[in-house]
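Read-outs: derived from the displayed coordinates by stated rules, not from any lab. In this text the structure is predicted, and so the values were computed from the model without any measurement. Every residue, glycine as well, gets a Cβ built from its backbone with ideal geometry; the counts of neighbours run over all protein chains shown.
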Amino acid sequence: MRVLVDGVTAHVADGASMLDAVRAAGGELPTLCDDDRLTSVGSCRTCLVRSGGSVVAACVTPAADGARIEVAAEDLRTSRREAVELIVSALPPYALDGGSELATLCHSLGIAADLARGAGGRGHDDSHPYVHLDRDLCIACGRCVRMCAEVQGTFALTLTGRGSDTVVAPGTGGPWAESDCVSCGGCVDTCPTGALTEPGLPGGGRAPEAARTRTTCGYCGVGCSLDVLTRDGEVIAVSPAHDGPVNRGHACVKGRFAHGFLRSPERLTGPLLRRAGRLRPASWREALDHVARGLRAAVAAGGPGAVAAISSARATNEENYLLQKFMRVVIGTSNVDNCSRLCHSPSAAGLTATFGLSGGTDGFDDVETADCLLLVGANPAEAHPVVGARLLQRTLRGARLVVADPRAVGLARYADVHLRPRPGTNVALFHGLAHVMLAEGLVDEEFLRHRASGLPELTALLEDYSPERAAAVTGVPAGDIVAAARLFGQAERPAIVYGLGVTEHLHGTDGVRTLSNLAILRGAVGTGRGFGVNPLRGQNNVQGASDMGALPDLLPGYGKVTDPAARARAEEVWGAPVPPRPGLRIPQMFAAARSGELRALWVIGEDVCATDPDSTLVAKALDACPLVVCSELFLSETARRADVVFPVASWLEKEGTFVNFDRRFQRVRAALRPPEGVLTDFEVIHALAATLGADLGCPTPADALDECARLVPAFAGLSHGRLDREGAVCWPCPDPDRPGESSLYRERFATPDGLAHLSAAPYLPPGEQPDDRYPLVLVTGRRWAHYNSGGMTRRTDNLRLDPVDRVDVHPDDAARHGLRDGDRVRVESRHGSASLIARLSDDVAPGQVFCAFHFPSSGVNALTSDRADTVTSCPEYKVTAVRLTALTKDTELLRRRR
């Protein structure tokens, strides 16, 4: 549309407001109740304009084609100023002292601070570690309430009181810290007056004198863009970037607030070397020389295969690339793996077998157009809050929602249909859905004829998976299976989003493939009709670590080590031979250490004693290995068993890139220098190679990505310089002058025959089953306030929000076991035991319990078995048979003494 603003022509889209038009014309208006991320309400009356003879609030008045808008007329200026003055007059004298949006506006309008003469006296709420409320500064604009509802989707805030006493408050009443707030900080970010602040940052959380560094979050795999504010060598605040491609000005408690670990007194600031059975401080020269001698001795005793490395999904792409190159070129083995083995290796295997590439099929922005969301085995409201919030927004705007998860948490509360399968029965559930789709003609026949294979085999298999048969296996009512299949099958633009509830099973790869069947049957992949099939990655760079070749059987870009052509490309770039045999996977590394075959293991950024299954066996492996090296921020459970500990930089202290869950390369930039005596993983790998007499080349992270781009055609268009200019680029990106492919397979699939491959894998039972001795099924996962083994978040004020490990128990099961809410309970499996606090909740189904693994001292992963996905060796974290026993203080003390 074409609009005239004080005679200046502005072009705006249909549906734009007059405020949009004013801004498009280069004008400015006060907007104390407005935020671009929120619906407009027009309550503050500070954005008044004239159009068609009427004075209106620009933020809520639609612009019409050909409209003439007056902004600069003196009477309008006066009206706007008077509206601001009226608001200010009710505030206390200190209201304009800081750098809030209101204070800045008053300064621009020439409104004196002494106009603020309000009496105050409404009090403060300082109960929350990250959000403080000064009720006297609240102007009841409602921005924080709308932010909580429309962006975060928690609905934790409300406006209470009447007239001039109206003020924001937690919806549950009581102190803020005891409310439903999930500490995303959106309310602080949008507050225009400083009524809501981050402690230590008056004026609405703004710090104008601080240096600002744009980087990518180092917690989960969403890939939020963050602005890190620093002063005098310390982080003083982190704010979400409003132009972040995924988060769009939103963040979660971890990315925004959980940076206090940087200042922890437990931070390692120098190498540690085991002497006389104890870890003692050492110089970098001593530590590197000791490791080099140990690596030479291991190779001399057992060949290159006696050395292995576990790379890090917390490290940058460039660090992962350099480590796998170090192992293959300097040591001469492909014994390198990363933690995707424990979470999303079935995604890589399943998606590659089905579609040809190991990443999700579409960019996350495509979810905005989805009319049906199928969310499976994921709780993004807690594990990926920014994604969870965007999915909820889409649901509230009309998309149908089907959730398949044993627990009734997060988005399940908003689902049209919530399918609650017994843990370990995913494949039967997906086949039941596919059966209904085929039986009722809810499939894309044209797509299946020309772009897919395997339909006859799948059709024959599905004869045995009627809704009634699927119901008998899964426990999901047949009617719910039919209803969910119809919602998905009738959608024009369906989307599948899944998590570790699909992959971490004995048959996780089958789960990924049979879930993908649903998208193929509907023609929702490679056609632009739908969001395809997309996994939510757990750690910040799980996708990138694998992309960079930190895998025992795959080179950078997923070339097979057994493929002579793939090895030849690497050898040409690296100038060195590449081992032709696949290396050991993580579980195989531990087994080889226990048997004496593995003599040196380097663990980077993973607390394997806390996060890997059957942790008792993991500890035995580390104890048996002659040389264990650990690169860490803190003395983790794994580091305590190491022979050498390298202190390394955090994600806020390094340069490089991450790849998020929808294949976006994004820059990571150092907001701080690492502490004295601490190196980045990139520097440590180079230093160890040099100690061994090798030069890995690519002296900087930018050089490493450039080298990777020469090796991998799909990354050829990527560089630090391009990412600095463009912000984010999806792979594949083979051309520096063309955009990356956010949505894949528009012309053909990347399989050898160019077709999507339907899977006719039958349902097979999980590795563990409950019985009379172990009658309950344990599912493990994440809580919203913590991350992974908690090494970082437990050293921040997040510990005040979630201080202990809990096990969720259904009230019926609690009654049978004599448990009350808050009781300490011993959880025992066939493999080990853990001590947790019982929380009674009907979020879990009868017969099932749930706990996280954020507190290593609880020993949760001593419970889990070493049963693993038959294709990828991903552990079966989601099905463990357990029993519960209430613990008194006496029995707990006795157990510890034993």
### Query
Looking at the square roots a ≥ b ≥ c of the eigenvalues of the Cα gyration tensor of segment 104-143, which shape do they give, rounded for a/c under 1.5, prolate if a/b is larger than b/c, or oblate?
prolate
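Going by average Cβ density within 10 Å per residue, which order do the peptides 549-558, 305-314 take, highest to lowest?
Working: 549-558: 24.5, 305-314: 26.9.
In decreasing order of mean packing, 549-558, 305-314 become 305-314, 549-558.
Do you know the relative contact order of the chain, to the nearest whole percent, from alpha carbon pairs under 8 angstrom that are 6+ apart?
Working: 2137 pairs, mean separation 117.8, N = 898.
Relative contact order, the chain: 13 percent.
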## Note on the structure
Rounded to two decimals, the Debye log10 I(q)/I(0) of the chain (Cα scatterers, no solvent) at q = 0.04 Å⁻¹ is -0.19
### Summary
Honestly segment 651-724 on the Cα gyration tensor test (a ≥ b ≥ c root eigenvalues; a/c under 1.5 rounded, otherwise a/b vs b/c for prolate or oblate) is just oblate
### Message
Using only Cα atoms and rounding to the nearest 10 degrees, what angle (0 to 90) does helix 345-355 make with the longest principal axis of the chain?
### Response
80
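To the nearest 20 debye, what is the magnitude of the charge dipole of the chain about its Cα centre, counting +1 on the Cβ of each Lys and Arg and -1 on the Cβ of each Asp and Glu? If you can, show how the numbers build up before the last one.
Working: 95 positive and 107 negative charges, 378 e Å.
So the dipole magnitude of the chain works out to roughly 1820 debye.
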### Cα gyration tensor category, rounded, prolate or oblate, for segment 2-89 with a/c compared to 1.5
oblate
#### Entry: Using θ = phi - 60° and Karplus 6.51 cos²θ - 1.76 cosθ + 1.60, couplings along segment 525-542 (whole Hz; Gly, Pro as x)
10, x, 10, x, 10, x, 9, x, 10, 9, x, 8, 7, x, 7, 4, 9, 4
### Selected from PHE355, PRO170, GLY559, residue furthest toward positive end of dipole (the chain; charges at beta carbon)
GLY559
### Task
Indicate, rounded to the nearest 5 percent, the antiparallel portion of the DSSP beta bridges found entirely in the chain.
60
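About its Cα centre, how strong a charge dipole does segment 67-183 have in debye, to the nearest 20, once Lys and Arg get +1 and Asp and Glu get -1 at the Cβ? Please list the in-between numbers first.
Values: 10 positive and 16 negative charges, 53 e Å.
Using only the charged Cβ atoms, the result is roughly 260 debye.
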### Query
Check CYS47: other-chain or 5+ apart residues with amide H under 5 Å from its amide H, H built from backbone geometry?
ALA58
### Query
Going through segment 642-735, which GluC sites (Glu not before Pro) have at most 13 other Cβ atoms within 10 Å and a DSSP loop state?
GLU676
### Message
Between helix 701-711 and the chain, what is the angle of the helix's C-alpha long axis to the longest principal axis, kept within 0 to 90° and rounded to the nearest 10?
### Response
60
### Query
How high is the relative contact order of segment 523-648, in percent, with contacts defined as C-alpha pairs under 8 Å that are six or more residues apart?
14
### Summary
What the 10 Å binned alpha carbon P(r) of segment 120-263 shows, as percent of pairs per bin from 0, is 12, 43, 33, 11, 1
#### Entry: C-alpha center-to-center spacing [segment 638-656, segment 490-529] in angstrom
37
## Note on the structure
Cα-Cα longer than 26 Å, checked against LYS254/LYS878; LYS254/LYS325; LYS254/LYS560; LYS325/LYS654, kept in input order, equals LYS254/LYS325; LYS254/LYS560
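Explain nothing, just the number: relative contact order of segment 776-897, from Cα pairs under 8 Å at least 6 residues apart, as a whole percent. Intermediate results must be reported in sequence, preceding the final value.
On the way: 237 pairs, mean separation 42.0, N = 122.
Answer for segment 776-897 is 34 percent.
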#### Entry: Crossing angle, helix 681-691 versus the chain [Cα axis fit, 0-90 degrees, rounded to tens]
40
#### Entry: Distance from segment 369-406 to segment 544-581 (C-alpha centre basis), Å
37
